[in-house]
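Okay, structure first, notes after.
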Amino acid sequence: MRTLRAALSCVLALTPAAFAAETIKNPDTFVYATIGDPDSLDPIWSYDTASHNIIANIYEFLLAYKGSGLSVKDLVPMIAGKVPSKANGLVSADGLTYRFPIRKGVKFHDGTILTPEDARYSILRFLLVDRDGGPASLLLEPILGVNSTRKNGKFDPEIGGRAFAAVTVDKGDLVIKLARPFAPFLTILANFGAMTSKDFCVKNGQWDGQAATLEAFNNPRREAMIPNEKADGTGAFKLERLDKANKQVILLRHEGYWRAPAKLRQVVIKVVDDFNTRKLMLQAGDADAVYGPQMYFPQLQGVPGAEVIDGLQNLERSSILMFTFKMNPTANQNIGSGKLDGQGVPPDFFSDKDVRKAFAYSVDYDSYIRDILRGKGRRTSGVIPASLPGGSEPRPQFKLDPKKAEEHFRKAWGGQVWEKGFKVSFVFNAGSAPSQTIAQMIKKNIEALNPKFRVDLRMIQWSTYLEQTQANKIPVFLAAWQADYPDAHNFAFPIVHSEGYYAGKQGYKNPKVDALIDEASRTQDERTRSSLYKRMQSLVDEDVPHVMLAEGVRYRAQRTWVKGFVFRPTFPDMPYGGYYYDLYKAVK
Amino acid sequence: MLKFCLKRLAFLPLVMFGVTFLLFFCLQFLSPEMRASLYIKDPRQLSQLEAVIEKYGLRKPMPVQYAIWLKQVVRGDLGYSETAKMPVAEAIRAFFPATFELTLLTFFPILIVGVFFGVLSAVYKDRLVDHITRFVAITGYSLPSFVLGLVLLMVFYGRLHWFPPGRYTLETDMLVHLDSFRHYTGLLTLDCLLNREGGAFVDVVKHMILPACTLLYISVALLLRITRSSMLEELSKDYVRTARAKGLPERVVIRKHALANALIPVVTLSSLLFIGLLGGVVITETVFDFPGIGRWGVQAAQQLDVPGVLGSTMLAAFLFVMANLISDMLYAVVDPRIRVGG
C-alpha cells in the first residue's frame, strides 16, 4: 500500500500541475469564468451586469471614468472629444444645453467611420425604442422629463418630435437639450447610451431613425433586437462569436481602435455554473479570473498561481433592512391574523416609528460585519455612499441594544405591542446565506425580548419575491441597490423619494425629503448639492424608514500573471469581469 | 411490424398534446407576476412588471394562451427560450447533439459492463467476483453524481490535468468555428473525423471521458443488479437444468439459453436508461460544464421559461415514445415468441 501511495505521489508530482505556475497559459488570451450569461448585447435592451460588461468592452460611451474615479471631475472624454462644462463653454449658462464635439476618425469594427449622426441616432434609439423594464428611463428623465415613452401603456405620439428637438447635430457636435437641469446627466453618459452604427442597426432590422416608423419599433419583444451574434461598436474589442451552446462569448482585439490597440488579442467570457469547476479552472490556468461570492473567499485563498485582491468596495448599498408602512392584507400570510392580537400584525404595523426603532436596536451589527462580511465591512448610516459627493461618512445610528429595543416596543402602538405580542414574517430570497443569517439574528434577538413576540422566517424564490413585492405583501425584508451611475441621485431617489422604487413600495413619504432630492438633482454646484443631501439624510435619520446594516467589500480572484487590473467601481461586473483594455498577462 | 410502428408513431402527437396541455394547466397555478419573473432580472425593473405581463399575455385565460402557443407550433415556431437566449428549436439543435454524443459514449459501455458483470455475478453467485461486483454496484448506486464528478474532476483535471471540463479547448473551439470546418452531422466527434481533424477528435473525446465515467459508474449499478437477478432466476429454471443434463457446455447453457431469456427486463431497463441519458443529466452536465440539454431544461423550469419548458418536455416525450417503440421491437429480437404486430 505504501509503495502504491509512493508511486502515485511520483506520478502526481510529475504532472503538468507542477509546472503550471511557471508558464503562462494562452499568453494573449484572457479567460473569465463566471455565472451569468448575457441577456442581450444590444445596448438599448441590456440592463443586467453580465451583458453590460461585454457591451462596455465592445461599445463606447460619450464619456468614461478615469481609473477608479467617481465624481464628475473624474470624467474623461471618449467618443466625445471633450467633457462638457460651463468652463469650456460646452454647457449653457442655464445648465440645460450640452454640446459634445464628436471625436474624428473613430472606426466601428466593420471599418466604417463614426459620424455625429451615428451619435445622435444612438442616443435617440436609446431613448425612444424604450422596452419595458429597460434602461431608457435613465436618459428619458433628464432629456424629456418623463420616465417612459408610453402613456397608459400606449405609445405617446408626441414623444418622437420632442426627442428629435432635444437631440440634434450642430456643426459636427452632438447637442442635447435637457428638460430641466439635471446634475448627474454627464455621469449617466459614462455608462449608458453606447455609440452604435446607424447603418449597422438598420441593416439588422432596427429602427431607421425616422419619426414615422417609431411606433412600430417602440417597446419591442426580445426577439426583435439586434441578434446577440452581431455587434458593431468602436470599443477596443470586437465580438468574434457568442456561442450560446457552450455559453461563452469570444472577443477579439479591434486592430483599428482609435487608441493604441489592446494588449490582449482575445478575451473569452465563459459561463461555468459550478464554483468548484471555476476554482479548478483557475488553479489549472484555464481561467485567468473567476467569479466567486463572499462565502467562497476562503476557498480561493491559497490557490496555487492565483491571487485574491480583497477589500474592493463597489458603489452599492447592500443589506438595507426595509419596513413596509402599509401592507396589502388580502391573502397575506406574512401578517398572520392582520390584527394586533398576538397572532399577527395590522397592515400598517411598521408605520409606528417605535416599532421600526425597536427592530433597529435588535440587529447585531458587529456580528454581521464579523461573521458575514468576514470583518471587512464597516458600519454605515446614510442612503448615499460616502465615496460620492453628498454621501455620509459611516456614523452608526443604531447598535444592538435590547434595553432600548424593549423601551421602543413598550411605547409602540400605545403599549399594545408589548401587551398583546405579535407574529410577523421576515422574508428573504432563497439562496442568500447573508440574508438568512441576518434574519435568524433578528428573530433570536426580538423573540428574546418578550415570549409573545414571534418572527417567522420565510425563504422564498425570486419569482415569489417579485409577486409579493409587487403586491406590497412583505412586512420587513432585506434590500440592496447597485448604482446605475455614480451619483447621489441614483441612491437618494430610489431609496427614499416617495416616487422611487423602494420608498414607493414601502409607502414611505416625507414631502420635505422629496423636495430636497428634487432640488438637489437640479443643482449643478456640488457643494450646494452635498448640503441638500445632508439635510435630506437628517430627515431620513429621524424617520427611520429603513436601517442600513453595513457596507461590505468584494474581492477579485485572478491568476498572478494577470497584470494591469484597475478597480473601476462604476464599471459593470466589477471587480470580477473588468475593462479588458487595461489587462495583459506577464510573469513579472 | 410496420403497422405496429406506424400505430405507435401516430400516437406521438397525442402524447405531446397531452403532456403540453397538462404542463400549461399546471403553470396556471402560478400567478402572472411569478411567470413574469423570467423577464425581470433586477429590482430596478420592477416598476414595469405589469407592462411585461400585459406584453406577454400572461393574464389571458389558459385556453387562449395555449391556443396561441399551439398556433405557433403548427407554424413551426416553438417560441423563444429566455433561458437559452434563442428560439426553442435552435436551443434543441444546439444542446441535443452534445447530450446525444455523451449518451452514445456512455450507453454502450453501460450496456456491456452491466450485462457482462451482471451475468458474471449470477454465474459465480456468492463467490469473490460476485461480492466485488455487488459492492461496486451498491456504491455506484448510492454515490451522489456530484460527489463522484467532483472527485474525478479534482484528481483528473485539478491535479493531473488530463481531462478538462467543458466541451473542448480554445484551440478546438477556433478550429470548429472556421469556415473550412464542415458540420456534416452536428455530432462533433464524427464531424472532426470527417474533417480529418484527429487532434480535435481526441480533444472532444477527452472532454467527455469524465462525464461519461461518472454516468457509467452511477448508471451501471442498476443494470448490473437487474441482469444478475434476472439471470439467477433463469438459471434456476427447469429448462436450464435440462440443458445441463443433456451435457451442453456451460458456456452454451449460459449464452444461448439463460441469457436470451434474462435479457427481456434488461432491454426494458436499458431503454429507460437511454431515455434518461438523452433527456440530459443535469448534475453531471453542471459539474463538468458540459453544454447538454438537461441543464437547459432544468434552468428553463427553474426560471419559469414556459416555451423552454414546453420545448424540452416535448423532446422528452418524443424520445420516450421512440425509445419505447424501439424496446418493443427489441423484445421480438431477443425473444422470438414475442410478436409485436398485434
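The values are calculated or read from the model by the stated rules, or taken from the named source; none is laboratory data. All of these numbers come straight from a predicted model, not from anything done at the bench. Here Cβ is always computed from backbone atoms with ideal geometry, including for glycine, and neighbour counts include all displayed protein chains. To get the accessible areas, we keep the full protein, side chains included, count just its heavy atoms, and leave off ligands, DNA and RNA. Shrake-Rupley method; radii C 1.70, N 1.55, O 1.52, S 1.80 Å.
Restricting attention to the stretch A:362-371, which residues are touching a residue at least 40 places away in the same chain (Cβ under 8 Å) and open to solvent by 30 Å² or more (accessible area, probe 1.4 Å)?
Looking only at the stretch A:362-371, we keep the residues that are touching a residue at least 40 places away in the same chain (Cβ under 8 Å), and these are A:362-365, A:367-369, A:371.
Answer for the stretch A:362-371, where residues must be touching a residue at least 40 places away in the same chain (Cβ under 8 Å) and open to solvent by 30 Å² or more (accessible area, probe 1.4 Å): A:364, A:371.
Taking the conditions exactly as written (in contact (Cβ under 8 Å) with a residue 12 or more places away in the chain and either in the same structural domain as residue A:537 (by TED's automatic domain parsing) or of a type in the set (Gly, Ala, Ser) (or both)), does residue A:374 satisfy them or not?
Taking the combined requirement at face value, the residue satisfies it.
Return the total of residues in the stretch A:229-247 being in contact with a Pro (Cβ under 7 Å, 6 or more places away or on another chain) and not aliphatic (A, V, I, L, M).
Within the stretch A:229-247, residues that are in contact with a Pro (Cβ under 7 Å, 6 or more places away or on another chain) and not aliphatic (A, V, I, L, M) number 2.
Within the stretch A:482-493, which residues are open to solvent by 40 Å² or more (accessible area, probe 1.4 Å) and more than 10 Å from chain B (Cβ to nearest Cβ)?
Within the stretch A:482-493, A:493 is the sole residue that qualifies.
Only residues that are open to solvent by 40 Å² or more (accessible area, probe 1.4 Å) and assigned to a loop (DSSP other than H, G, I, E, B): list them for the stretch B:189-201, please.
Those that are open to solvent by 40 Å² or more (accessible area, probe 1.4 Å) and assigned to a loop (DSSP other than H, G, I, E, B): B:196, B:197.
Can you find, within the stretch A:25-67, the residue that is modelled with the highest pLDDT among those that are of a type in the set (Gly, Ala, Ser), over 21 Å from residue A:230 (Cβ atoms) and out of contact with any Lys or Arg (no Cβ under 6 Å at 6 or more places or on another chain)?
So, considering only residues that are of a type in the set (Gly, Ala, Ser), over 21 Å from residue A:230 (Cβ atoms) and out of contact with any Lys or Arg (no Cβ under 6 Å at 6 or more places or on another chain), the one modelled with the highest pLDDT is A:64.
In the stretch A:107-121, is there at least one residue being free of Cβ contacts under 8 Å to residues at least 40 places away in the same chain and either of a type in the set (A, V, I, L, M) or in a helix (DSSP H, G or I) (or both)?
Checked the stretch A:107-121: at least one residue is free of Cβ contacts under 8 Å to residues at least 40 places away in the same chain and either of a type in the set (A, V, I, L, M) or in a helix (DSSP H, G or I) (or both).
Cβ-Cβ distance below 9 Å, separation of 6 or more or different chains: which pairs start in the stretch B:275-293 with a residue that is at positive phi and end on one that is open to solvent by 10 Å² or more (accessible area, probe 1.4 Å) and polar (S, T, N, Q)?
These pairs meet every condition: B:280/B:312; B:289/A:246.
Which residue, of B:209, B:218, B:264, B:254, is closer than 30 Å to residue B:169 by Cα, in the same structural domain as residue B:294 (by TED's automatic domain parsing), part of a helix (DSSP H, G or I) and modelled with pLDDT under 90?
B:218
So that you can scan it fast, the table gives a plain yes or no per residue for (1) within 8 Å of chain A (Cβ to nearest Cβ); (2) under 26 Å from residue B:13 (Cβ atoms); (3) in contact with a Lys or Arg (Cβ under 9 Å, 6 or more places away or on another chain):
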| residue | (1), (2), (3) |
| --- | --- |
| B:49 | yes, no, no |
| B:57 | no, yes, no |
| B:62 | no, yes, no |
| B:65 | no, yes, no |
| B:68 | no, yes, yes |
| B:72 | no, yes, no |
| B:75 | no, yes, no |
| B:79 | no, yes, no |
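Could you please find all residues in the stretch B:297-311 being more than 9 Å from chain A (Cβ to nearest Cβ), within 26 Å of residue B:67 (Cβ to Cβ) and hydrophobic (A, V, I, L, M, F, W, C)?
B:300, B:301, B:306, B:309, B:310
Would you say residue B:108 is open to solvent by 30 Å² or more (accessible area, probe 1.4 Å), assigned to a helix (DSSP H, G or I) and over 25 Å from residue B:311 (Cβ atoms)?
Yes: the conditions hold for residue B:108.
Only residues that are touching a Pro at 6+ places or on another chain (Cβ under 8 Å) and within 17 Å of residue A:251 (Cβ to Cβ): list them for the stretch A:566-588, please. So that I can check it myself, show each step before the final result.
Filtering the stretch A:566-588 for residues touching a Pro at 6+ places or on another chain (Cβ under 8 Å) gives A:567, A:569-570, A:585.
Correct list: A:585 only.
Checking residue A:177 against (1) touching a helix residue (DSSP H, G or I) at 6+ places or on another chain (Cβ under 6 Å); (2) within 13 Å of chain B (Cβ to nearest Cβ), which test does it fail?
(2)
Could you check the stretch B:140-182 and list, in sequence order, the residues that are open to solvent by less than 50 Å² (accessible area, probe 1.4 Å), more than 9 Å from chain A (Cβ to nearest Cβ), under 25 Å from the mean Cα position of the chain (by Cα) and of a type in the set (Phe, Trp, Tyr)?
B:163 - this is the single residue of the stretch B:140-182 that is open to solvent by less than 50 Å² (accessible area, probe 1.4 Å), more than 9 Å from chain A (Cβ to nearest Cβ), under 25 Å from the mean Cα position of the chain (by Cα) and of a type in the set (Phe, Trp, Tyr).
Being away from every other protein chain (no Cβ under 13 Å) and surrounded by fewer than 20 Cβ atoms within 10 Å (Cβ to Cβ) is the filter; apply it to the stretch A:494-513 and report the residue that is nearest to residue A:474 (Cα to Cα).
By that ranking, first place goes to A:507.
Just one of A:331, A:386 is without any contact (Cβ under 8 Å) to a residue 24 or more places away in the chain and open to solvent by less than 70 Å² (accessible area, probe 1.4 Å); which is it?
The conditions single out A:386.
Assuming residue A:91 fulfils every condition listed in (1) closer than 15 Å to residue A:172 by Cβ; (2) open to solvent by less than 40 Å² (accessible area, probe 1.4 Å) apart from one, which condition is it?
Residue A:91 satisfies all of (1) closer than 15 Å to residue A:172 by Cβ; (2) open to solvent by less than 40 Å² (accessible area, probe 1.4 Å) except (1).
Residue under question is residue A:308, and the condition is that it be under 15 Å from residue A:562 (Cα atoms) and within 14 Å of chain B (Cβ to nearest Cβ); does it hold?
No.
Considering each of A:224, A:211, A:284 in turn, give the residue that is small (Gly, Ala, Ser), within 14 Å of chain B (Cβ to nearest Cβ) and closer than 30 Å to residue A:164 by Cα. Explain how you work it out, then say what you get.
Working: A:211 fails: within 14 Å of chain B (Cβ to nearest Cβ); A:284 fails: closer than 30 Å to residue A:164 by Cα.
Result: A:224 is the single residue among A:224, A:211, A:284 that is small (Gly, Ala, Ser), within 14 Å of chain B (Cβ to nearest Cβ) and closer than 30 Å to residue A:164 by Cα.
What number of residues within the stretch A:392-418 are over 20 Å from residue A:445 (Cβ atoms) and more than 38 Å from the chain's Cα centre (by Cα)? Write out each step before concluding.
We begin by selecting, within the stretch A:392-418, every residue over 20 Å from residue A:445 (Cβ atoms); these are A:392-395, A:414-416.
Checking the rest, the ones that are also more than 38 Å from the chain's Cα centre (by Cα) come to A:414-416.
Residues meeting the conditions: 3.
What's the total number of residues in the stretch A:228-244 that are closer than 25 Å to residue A:132 by Cβ and facing chain B (nearest Cβ under 9 Å)?
Number of matching residues: 3.
Can you tell me which condition residue A:479 does not meet? The list is (1) within 13 Å of chain B (Cβ to nearest Cβ); (2) in a strand (DSSP E or B); (3) at pLDDT 90 or above, and all the others hold.
So the condition that residue A:479 fails would be (3).
Could you count how many residues in the stretch B:155-188 are under 27 Å from residue A:276 (Cα atoms) and outside any loop (DSSP other than H, G, I, E, B)?
Residues meeting the conditions: 11.
Matching residues to (1) of a type in the set (Gly, Ala, Ser); (2) open to solvent by 60 Å² or more (accessible area, probe 1.4 Å):
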| residue | (1), (2) |
| --- | --- |
| B:203 | no, no |
| B:206 | no, yes |
| B:254 | no, no |
| B:258 | yes, no |
| B:271 | yes, no |
| B:297 | yes, no |
| B:301 | yes, no |
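Residue B:135 - would you say it is open to solvent by 50 Å² or more (accessible area, probe 1.4 Å) and of a type in the set (Phe, Trp, Tyr)?
In short, yes.
Out of A:533, A:581, A:555, A:502, I need the residue that is under 30 Å from residue A:29 (Cβ atoms) and in a helix (DSSP H, G or I). Which one?
Step by step, each of A:533, A:581, A:555, A:502 is checked, and only A:581 is under 30 Å from residue A:29 (Cβ atoms) and in a helix (DSSP H, G or I).
Would you confirm, using the coordinates I've provided, whether residue A:559 is in contact with a strand residue (DSSP E or B) (Cβ under 6 Å, 6 or more places away or on another chain) and either open to solvent by less than 30 Å² (accessible area, probe 1.4 Å) or assigned by TED's automatic domain parsing to the domain that holds residue A:363 (or both)?
In short, yes.
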